[in-house]
Amino acid sequence: MSSVLMNINEPIPDNFYIFVSYNNLITANNLGVNKHIISSAYGECSDQEFRDKYLNGTAQYLPFEPCLHKVDCHTISPFLMSTINDYRVEYDAEKYRAQYYSTFPSRLSAIFAFGDYETCKLVAQKYNWSLHTIKKFKLLPNPLMRVVKVDMEIVSLARLAYRSPLSVDTINIFWDTYWSGKKGFAMELAIPDETKILTRKIINPNPSIFEYLIEGALILQER
């Protein structure tokens, strides 16, 4: 088992911090009974067929694929755009991972965590998440464990950018930057200004907020 992150040459943190919602019954049960959080794919690896796909990077995680037949109405309504926007972001992120970073943890399966408490405070301040919900965990070593470090603000920027048509090249830049763990990402986008008029601006996730995608098991560290 490597103790270095899969996408950048940094050591895996000793501890992780997660904003935990006990409103999720699965999370509440897992933490209440055995004090563990286990990622979806990691938990499925007891099945040998899935385990082989997980190891060689061919496991499929997307629950829905784009419609293959011709769509008669080519004009996308604002409601349709807002309805499918978040899934379009996750779909493109997953398709790019599967093609170029196939053994990396999938966003559709992994545990999302932060590597230090200071980052949690930054996230709480920006997104109004409660610091009282943070729990500290330790990663349990296992040969099946996989961890990458990514900038969550690239996904936030993508959710904004996807409200407008994007070229394939632009979409690829988003997800190559995301999965490779590169820094210094910026993009010119047309967004509404204070008068609601579309204005082209250079947008970058500043500051970057790095989180970890984890395939594995985390054990709760008691206070």
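Using a Gaussian network model on the chain with a 10 Å cutoff between Cα atoms, which of 90, 118, 44 fluctuates the most? Checking each option, the largest mean-square fluctuation is seen for 118.
So, with +1 on the Cβ of K and R and -1 on the Cβ of D and E, and no other charges, what is the size of the charge dipole of the range 1-155 about its Cα centre, to the nearest 20 debye?
Details: 15 positive and 16 negative charges, 69 e Å.
Here the range 1-155 has a charge dipole of around 340 debye.
Convex hull volume of the Cα atoms of the chain, normalised per residue: 161 Å³.
Going from the fewest other Cβ atoms within 10 Å to the most, the residues 64, 174 appear in the order 64, 174.
Sum -39500 (n - 2.57) across every DSSP H segment of at least 4 residues in the chain, then divide by the residue count to get the 222 nm mean residue ellipticity, nearest 500. Write out the running numbers ahead of the final one.
Values: 7 runs with 80 residues, N = 223.
Dividing the helical sum by the residues of the chain leaves -11000 deg cm²/dmol.
Most mobile of 76, 134, 37 per a Gaussian network model of the chain (Cα springs, under 10 Å)? For the chain, modelled as a Gaussian network with Cα springs under 10 Å, the answer is 76. Of 171, 111, 26, the residue with the greatest mean-square motion in the GNM of the chain, using alpha carbon springs below 10 Å, is 26. Descending by average beta-carbon neighbour count within 10 Å, the peptides 66-73, 51-58 line up as 51-58, 66-73, the highest first. Which of 53/183; 53/95; 35/95 have a Cα-Cα distance over 24 Å? Table pairs above 24 Å Cα-Cα are 53/183; 35/95. The H on the amide N of residue 7, modeled in the peptide plane, is under 5 Å from the matching H of 149, each at least 5 residues off or on a different chain.
With the cut-off at 1.5 for a/c, could you classify the range 19-91 from its C-alpha gyration tensor as rounded, prolate or oblate? Don't jump to the answer; show the numbers that get you there.
Working: a/c = 4.17, a/b = 1.56, b/c = 2.68.
Oblate.
Here 100, 91 are placed in order of increasing Cβ neighbour count within 10 Å, fewest first, which gives 100, 91.
Throughout, read-outs are computed from the coordinates displayed, never taken from laboratory work. None of these values were measured; they are calculated from a predicted model. No Cβ is skipped: glycine too gets one built from the backbone with ideal geometry, and neighbour counts run over all protein chains shown.
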